[in-house]
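The block underneath contains the structure these notes are about, expressed in structure tokens.
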Amino acid sequence: PAIHLPEVDAETVVGFRVRAMDFAGNVSAESAVSVAVVPATKVVADGANDWVALAGQTAYLESGTLVLDESRTFRDLLVLRGAKITHSPGGARRLDLKVTGRLFVECGGSIDATGRGYPSGATYVGAQDAAHGPGSHLGVGGGIPAIATSTYGSVTTPAEAGAGGSAGTVSGGGVVRVIAGTILLGGSSAAIRSNGAFEYGFRGGGGGAGWLSANAILG
């Protein structure tokens with residue numbers, strides 16, 4: 001049966017007593033379970049949000065794709081199943097999130113800049129593009145490049161998008177920067193990533209940049 005939690009104005013611990021029952025009718029011993037219930041504000045992916053107020057609130061993205069091209073701050077943020085946060089494509093944008101408390105990404109939720117970097121045939125200023133091969137970034141693109149593309153970027157402060165590959169519309173990965181008190185991944189299908197896009201086996205986009213800073217990363 002569904003458990004209905006109360007609406008609250010401040011974080012409230014609610015206690016339950018639970019027992020498990022199998023199909024044969026066998027019942028386990030009773031256990032006490034405590035759940036912290038917090039008031040939260042819904043973030044909409046396709047409408048207006050009060051970003052100033054959200055900086056001091058617990059917020060949740062329930063569904064859809066939220067595109068953020070400006071730095072945004074939340075007190076706590078939950079990215080629920082099927083929801084995604086990303087930034088616009090093109091190589092000049094980045095996803096910059098600051099969560100002063102807890103960032104929770106549920107199974108099936110994601111912070112994902114895959115394919116949001118440089119478009120096919122384009123790369124970082126001063127680097128050699130992928131004329132007939134895969135895009136590069138900190139490392140040379142994999143596969144069988146006809147012309148090795150040059151590398152760029154920083155291992156310690158990653159902030160550049162990945163180069164596009166030479167095939168079709170294969171873009172590099174975008175840029176994800178997250179600063180949080182705690183980052184919690186709810187399971188194996190919860191994701192924070194900035195992969196390059198993939199179309200042909202040897203001409204994919206270069207991976208982007210992912211930089212996470214937190215007191216604890218769990219899950």
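The values are calculated or read from the model by the stated rules, or taken from the named source; none is laboratory data. The model shown is predicted, which means the values in this text are computed figures rather than measured ones. Note: ideal-geometry Cβ built from the backbone for every residue, glycine included; neighbour counts use all protein chains shown. Note: areas computed on protein heavy atoms with side chains; ligands, DNA, RNA excluded. Shrake-Rupley method; radii C 1.70, N 1.55, O 1.52, S 1.80 Å.
Charges were assigned to the Cβ only: +1 to each Lys and Arg, -1 to each Asp and Glu. The resulting dipole of the chain about its Cα centre is roughly 320 debye. One equal scatterer on each Cα of region 115-186, no solvent, Debye formula: the resulting log10 I(q)/I(0) at q = 0.20 Å⁻¹ is -0.74.
Which one, V35, G82, Y118, is farthest towards the positive end of the dipole of the chain when Lys and Arg carry +1 and Asp and Glu -1 on their Cβ? Checking the options against the dipole of the chain, the answer is Y118. Hey, any idea what % of the chain's accessible area is carbon plus sulfur with a 1.4 Å probe? That fraction is 53 percent.
Dividing the mean sequence gap of close Cα pairs (under 8 Å, 6+ apart) by how many residues the chain holds gives a relative contact order of 16 percent. Would you mind classifying the chain by shape? Square roots of the alpha carbon gyration tensor eigenvalues, ordered a ≥ b ≥ c; an a/c under 1.5 is rounded, otherwise it is prolate if a/b is larger than b/c and oblate if not. Taking the square roots of the gyration eigenvalues as a ≥ b ≥ c, the chain is prolate. Probing with 1.4 Å while keeping every protein chain in the model, the per residue accessible area of the chain equals 53 Å². Among S88, S154, S171, the largest mean-square fluctuation in a Gaussian network model of the chain, built with springs joining Cα atoms closer than 10 Å, belongs to S154.
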